[in-house]
1. So for Arg174, Arg147, what's the accessible-area order with a 1.4 Å probe, most first?
2. For the chain, give the magnitude of the charge dipole about the Cα centre (Cβ charges: +1 Lys/Arg, -1 Asp/Glu; no others), in debye to the nearest 20.
3. Just need the relative contact order of segment 75-220 here, percent rounded to a whole number, with Cα pairs under 8 Å and 6+ apart.
4. At 0.36 nm per residue, minus the direct Cα-Cα distance, what do Asn142 and Thr159 gain on full extension? Give it in nm, one decimal, please.
5. What's the ranking of 78-85, 22-29 by average number of surrounding C-beta atoms within 10 Å, highest first?
6. Mind sorting out which of [x] 0.99; [y] 1.04; [z] 1.13 is the real Rg/Rh (Cα atoms, Kirkwood Rh) computed from the coordinates?
7. Considering only C-alpha atoms, what is the centroid distance from segment 145-218 to segment 239-260, in Å?
8. Once every DSSP H run of n ≥ 4 in the chain is given -39500 (n - 2.57) and the sum is divided by its residues, what mean residue ellipticity at 222 nm do you get, rounded to the nearest 500 deg cm²/dmol?
Amino acid sequence: ESGDGSTVESVTPFRTEALTLDQQTYPSVAPLQGETVGVGMPVVVHFDLPVSDKASFEKNMKVTSTPKQAGSWRWVSDTEAHWRPRTYWKAGTKVSVDVDVNGVPAGNGIYGQEDREVDFQVGDAHIYKVNARTHQMKVFENGKLLRTLPITTGKEGFTTRSGVKVIMEKFESRRMNSETVGIPAGSAEAYDIDNVRWAMRLTNSGEFIHAAPWSVGSQGRANVSHGCTGLSTENAGWLSSMSRRGDVVEYVGTDRPMEPDNGYGDWNISWPDYRAASAL
């Protein structure tokens, strides 16, 4: 205000450079705010445009947990980074993710846009142990064996992968079409089943755990599927009702290894190699 009480307006001209969309990279985070996940769930940060200055971004990406657990970021690609603890999360852990990249240079004239803060928690420790040779799944909760379920896995030519898989998503019902996994319609191995119940995705490539009433006679005895793990409708429904995203399914008994980037395959990488994939 001036001495006589009237307001004086002062205008200073300035100009900001508006960034176009192809100069801004936006992060999205999994798990979701408030979600309860299994002990194998990695933190997944996806950017819609490539980040070449990964170190600058990683310095501004924090994961904190109670109780505290050592962990590391790993850059899967220029657009995706995962964080996992050294060993599976402790049941009941509370986790905060802070992706504080607004205005941080991503390289190549691209800048981070928007910060993301996500709080989630880890539920009971669900670890399902599948043996493709004995055709059994042992279902453990917090270290206690709840049930042993007869299963079938992939037959010759469609071998199920061995290694650690993590449930990525759940469906009450899902259409299973062999064309989506590279088996052409009309070929001898083609299938198109409309209402597959209790399907839980384990890999990007199309491995699921699901109800397979058509193979109940082989479950516990033989591997007859195209790579999925089939259970009776009753057993699949029971398992689905207790399962969440991030639950762990450990497979043994085949000579085909799980690829680390085929879904949430982070646990198939040794801890030294995982840390080495950090940008810092």
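The values are calculated or read from the model by the stated rules, or taken from the named source; none is laboratory data. These numbers were taken from a predicted model, which means no experiment stands behind them. Please note: Cβ atoms are built from the backbone with ideal geometry, for glycine as well, and neighbour counts cover all protein chains shown. Only protein heavy atoms, including side chains, enter the accessible area calculation; ligands, DNA and RNA are left aside. Shrake-Rupley method; radii C 1.70, N 1.55, O 1.52, S 1.80 Å.
1. Largest to smallest exposure gives the sequence Arg147, Arg174.
2. The calculated dipole for the chain is roughly 1760 debye.
3. 15
4. Length difference between fully extended and current span is 3.2 nm.
5. Listed from highest to lowest mean packing, they are 78-85, 22-29.
6. Read-out taken from this structure: [z].
7. 12
8. -2000 deg cm²/dmol
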